[in-house]
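Below is one structure, written out as structure tokens; comments come after it.
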Amino acid sequence: MLVFLTIILFILLITPISGIFLWKRSKIISVLCFMPLALLIIVPTGWYVAATNHYFIKNTDLSEEQLGGINLFKPLTDEVIEELGGYELHDSVYHELLEFKHAWMTINEDHEIRSFSFNEKGQQTLLGVEVGDPLQKAKDLYGSHYANDFEPCMASWIFYVDRKNNVELEFIYDGEEMIQEIRLSELEQEG
């Protein structure tokens with residue numbers, strides 16, 4: 001452990017400081033002294049951006065995808081509200097958020113469903129994945145074209161995207177890789 005800490009200390013402190021002192025003697029050697037520190041920052045950052053950005057994963061056909069029999073981009077009906085039970089309405093900047101007992105949904109000004117999520121067993125995706133299933137089941141059924149993401153000390157998830165149909169499907173899982181929540185949403189476009 002001490003050897004590892006010494007190496008990290010050397011990379012983070014000694015080489016850049018040496019580079020500063022060597023600047024007048026040799027600019028090339030000075031720049032090379034900063035390279036380990038730069039790589040230590042660039043490589044993990046680049047990996048994270050590539051691993052969590054939907055632009056770097058292949059498309060998955062989610063054109064017919066539904067969750068609990070509910071499809072995106074359709075008007076919210078009284079039947080859906082009745083099936084999910086009563087809800088609490090929350091306003092947000094762009095959409096209205098409807099919070100049900102074991103689900104949430106956002107709708108736009110035309111009352112079209114833009115995203116929804118379930119966190120209780122019983123609501124399946126089109127291919128039969130539901131809350132409580134092992135994450136591997138989702139990977140087996142939806143394929144290997146997914147990306148990982150996480151919030152430190154909070155949640156981890158994988159997601160599939162369908163750029164053609166503007167759909168994203170997320171499987172949020174726990175430390176034992178059991179699915180805790182499933183989200184189906186409109187793919188956020190960078191603009």
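The values are calculated or read from the model by the stated rules, or taken from the named source; none is laboratory data. The structure presented is a predicted model; accordingly, all values stated were derived computationally and were not measured. Here the Cβ positions follow ideal geometry from the backbone for every residue, glycine too, while neighbour counts run over all protein chains shown. Surface accessibility is based on the protein's heavy atoms, side chains included, excluding ligands, DNA and RNA. Shrake-Rupley method; radii C 1.70, N 1.55, O 1.52, S 1.80 Å.
Note on segment 11-42: residues that are open to solvent by less than 80 Å² (accessible area, probe 1.4 Å), in a loop (DSSP other than H, G, I, E, B) and not small (Gly, Ala, Ser) total 1. Would you mind stating whether Glu151 is acidic (Asp, Glu) and more than 30 Å from Thr45 (Cβ to Cβ)? The answer is no for Glu151.
Taken over segment 78-105, residues that are at pLDDT below 85 and touching a Ser or Thr at 6+ places or on another chain (Cβ under 7 Å) amount to 1.
Pairing residues of segment 33-61 that are over 28 Å from Pro16 (Cβ atoms) with residues that are modelled with pLDDT of 65 or more and open to solvent by 90 Å² or more (accessible area, probe 1.4 Å), at Cβ distances under 7 Å and at least 6 apart in sequence or on separate chains, gives Asn59/Lys164. Once segment 78-117 is narrowed to residues that are in a loop (DSSP other than H, G, I, E, B) and of a type in the set (Ser, Thr, Tyr), the residue that is most open to solvent (accessible area, probe 1.4 Å) is Tyr94. In segment 68-77, of all residues being among the hydrophobic types (A, V, I, L, M, F, W, C) and either open to solvent by 60 Å² or more (accessible area, probe 1.4 Å) or not in a loop (DSSP other than H, G, I, E, B) (or both), the one that is farthest from Leu126 (Cα to Cα) corresponds to Phe73. For segment 124-171, which residues satisfy the criterion of being open to solvent by 30 Å² or more (accessible area, probe 1.4 Å), in a loop (DSSP other than H, G, I, E, B) and of a type in the set (Gly, Ala, Ser)? Listed by number, the list holds a single entry, Ser144.
Reported count of residues in segment 156-187, each being touching a helix residue (DSSP H, G or I) at 6+ places or on another chain (Cβ under 9 Å), farther than 16 Å from Phe116 by Cα, among the acidic types (Asp, Glu) and touching a residue at least 60 places away in the same chain (Cβ under 8 Å), is 0. Residues that are among the small types (Gly, Ala, Ser) and assigned to a loop (DSSP other than H, G, I, E, B) were ranked within segment 172-191; the one that is nearest to Gly68 (Cα to Cα) is Gly175.
Assess whether Asn108 counts as being modelled with pLDDT of 90 or more, out of contact with any Asp or Glu (no Cβ under 7 Å at 6 or more places or on another chain) and of a type outside the set (D, E, K, R). If you could, list the steps in order and put the result at the bottom.
On the way: modelled with pLDDT of 90 or more: no; out of contact with any Asp or Glu (no Cβ under 7 Å at 6 or more places or on another chain): yes; of a type outside the set (D, E, K, R): yes.
Spelling it out, it is not the case that Asn108 is modelled with pLDDT of 90 or more, out of contact with any Asp or Glu (no Cβ under 7 Å at 6 or more places or on another chain) and of a type outside the set (D, E, K, R).
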